[in-house]
Structure formats: structure tokens, C-alpha cells
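Each remark here refers to the structure printed beneath this line.
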Amino acid sequence: MNTTAFLPKNKALPSTSFANHVGYRRMFAPDKLTLGVFLPLRFYQGDEQVLKGQIELIEYIDQKNFAAVWVRDIPLFDPMFGDAGQLFDPLTYLSFIAARTKQVALVTGSSIFSLRHPIDLAKAATTIDQLSGNRLVMGIASGDRAIEYPAYGIDYDQRAARFAQSIDYFRQLMQHGSLEIQSPLGTISRAELLPKPVAGQIPLIVTGASGQSKQWIADYADGWLSYPEATSHSEGAIRLGQKIATWRSLIPNNDFRPHMTNDWIDLVDDPNYPRTPLRGGFTLRTGRHGLIQLLEEWLAAGVNHAALGIQYSKRPAAEVLQELAEDILPHFPSHTTVEGKSVDW
């Protein structure tokens, strides 16, 4: 589907620079790779108490200098998917995490832009941006759980068009002064959204295709998260690199746009345990040497940030995080070139 046709002629384009954006600069730099952690640290399996004590581990992630923590946007639990995410509303939860951390980037992975109205998304996003000291980075998507669309009264087949329209509307809301917005999603005349984001824009990272072409993602996204190819052997990273290179060749003016990927890992005690696919390849069981090898392959492929989920790990979450922090993170340090913004609300 060519969703460019759904955007107005004066399209709100990506930012040409996030040089002063704290969260973005902590995560991304050309030819470098940083590490983030996907929440929850343990999957919900009928008992919400599985999340008890998670905030202390998030504080540990922050203290140990991981680049980011990631939260999912799953409005309704569909047992057919078997994954309820972190249960809490993602932006509300990030506000809570922001109050308990100091430097880690706060990332949605991913906010379902096709289901949410841009005004509500923008109001929550700019609020978190201000309260966290400019640490919010938004992974965004059109959603893949068909059960959610009729619940919102939205046609599932319109999700790609609504996604493109929502991004344009969201970015126009960031502008200063009285707004004049004409969109299929609503009309604004002589009004303004407050607060404004600290650095002028909120980074919008498109997840997967979200119903768009690679050219559209190159033209309108502030970055791209694509799912990894096979992670148990080096050929997967080679294919991923080819996909990234094709996308980057389409970006106007050869601007730097970061690429991200993610994987669910079962990190075992034996550091030499070979890279072994589980669950049809959706999870990787490996030791730390195998994980370092994979991350190095991703770096060579052009990946700038890797988000790791440890939900399937057999070992305690605290133990896995400690090994990641002590033995793997030093190979892929977070960037600290931008000073955090002071928060005094």
C-alpha cells in the first residue's frame, strides 16, 4: 500500500538532527552499537506478582549504564499471542520509571500509533520528555493484534493509512505557536499543544514495516527497528546488513538514521555454550561469548542499538543482568556525549 498518498503536501518531516537529545544521543552514534533491555524481565503467566521488585532491577540497569529500557504497548491481552507485555500502560509506566532513574533512555517498543489519537500521544510524550530530562525515544508501529482494532472501532485494514496520518499530525503538534492542522484524524485551528519537547522533537523510530515501504521509512522515520534474521549463525547478520544497507541507500542526503534490532535470549551459565535457536528461532540460547559474537556481527551489519529481552532465561533476572553488565556491556558502552537535562519540577 502506498501510504504517501494519505499525507498532506506539507508533510512534517523527520528532524535533521537530534544532536542535543539526551535519550537519542545515549543510544545512537554512527558505526557504534549500544545495549538496551526489554521489559518485563519475566513474562506474565496469570499472576501480576511476577513484576514485583522489577523497579529495583530497572534502577540497577540505570546504575550500570545500559543505554535504554524498552516497554511494549499492548492494550488488550490476546491469549493467542501469549504475551501481555509489561501489563502497565507504556507511557504511564515510563513516567514511573523516569522518577526512579537518572540517565537511561526510556523507549517505547512500540507505541501503536494507529490506535491512539496523536493529541493524546503527543501530550503524554512531551510530558514524559520534560519530566525525565529529555530521555524519551518512541518506537512506533501500526500494531499486529487484529483483536484490538474492533475494540477501538477502527477498521484493521486502515491501520497503515492511520499510521502515516498519525505521524504527520504528531509532528505538527510539536510546532510552536498557534496551530492550523487539517488531517483525516482531526482539525485544529488557533490552538497549541503544551508542553513542548525539550529538544524540539520526539524521535520516532518505525518498527518493522508498519504497512509502509522502505522508501517511506527512509523519508519519514527518525530511525528504523527491524527484526533480526536468524541469530544462531552469521548468515543471518549478513542478510540483516543487506537489508539495512538497502534502506540507508534510500535516505535523503545520506543523513545518519539509526537502525535497531532486538532478540529474546536465554543466557546460560556456560560462557562457551553455542548459539542455539529455540521456539522456532524466536529465542536464542547461548553463553556470553556467543552473545558477544552476535552483537559484533550486528555492529558490522550496521545496527546501532540492540534491545535484549531476558524473559525466557532460566536463570534469575538479577543474575542475567549482572553478567550482561559486567561481561558484555563494556564491549558496547552507552554514549555520554550529551549532558542530561536537569529536572526541577
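The values are calculated or read from the model by the stated rules, or taken from the named source; none is laboratory data. Owing to the predicted nature of the structure, the values given are computational and were not obtained by experimental measurement. Don't worry about glycine lacking a Cβ; one is built from the backbone with ideal geometry, like all the others, and counts go over all protein chains shown.
Looking only at residues in the range 190-233 that are modelled with pLDDT of 95 or more and in a strand (DSSP E or B), which one is farthest from residue 140 (Cα to Cα)? Per the criteria, the residue is 191.
Condition check for residue 261 on (1) closer than 21 Å to residue 29 by Cβ; (2) part of a helix (DSSP H, G or I); (3) modelled with pLDDT of 95 or more: one failure, at (2). I need the full set of residues from the range 299-312 which are of a type in the set (Gly, Ala, Ser) and closer than 16 Å to residue 36 by Cα, in order please. 306, 307, 309 - these are the residues of the range 299-312 that are of a type in the set (Gly, Ala, Ser) and closer than 16 Å to residue 36 by Cα. Scanning the range 264-285 for residues that are of a type outside the set (Asp, Glu), over 24 Å from the mean Cα position of the chain (by Cα) and either crowded, with 20+ Cβ neighbours inside 10 Å or in a loop (DSSP other than H, G, I, E, B) (or both) returns 268, 271, 272, 273, 274, 275. Whenever a residue of the range 61-77 is within 12 Å of residue 321 (Cα to Cα) and free of Cβ contacts under 8 Å to residues at least 60 places away in the same chain, its partners that are in a loop (DSSP other than H, G, I, E, B) and among the polar types (S, T, N, Q), lying with C-beta atoms within less than 7 angstrom and at least six residues away or across chains, give the pairs 62/101; 62/103. For residue 154, the conditions (1) surrounded by fewer than 19 Cβ atoms within 10 Å (Cβ to Cβ); (2) free of Cβ contacts under 8 Å to residues at least 60 places away in the same chain; (3) touching a Ser or Thr at 6+ places or on another chain (Cβ under 8 Å); (4) assigned to a helix (DSSP H, G or I) are fulfilled apart from (4).
Scan the range 245-271 for residues that are farther than 24 Å from residue 38 by Cβ and among the hydroxyl-bearing types (Ser, Thr, Tyr) and the total you get is 2. Within the range 126-146, residues that are closer than 19 Å to residue 14 by Cβ have Cβ atoms under 6 Å from residues that are charged (D, E, K, R) in these pairs: 134/341; 136/129; 142/159, counting only partners at least 6 apart in sequence or on another chain. Whether any residue in the range 234-249 is at pLDDT below 95, outside any loop (DSSP other than H, G, I, E, B) and either within 17 Å of the chain's Cα centre (by Cα) or among the basic types (Lys, Arg) (or both) is what I want to check. No; the residues of the range 234-249 include none that is at pLDDT below 95, outside any loop (DSSP other than H, G, I, E, B) and either within 17 Å of the chain's Cα centre (by Cα) or among the basic types (Lys, Arg) (or both).
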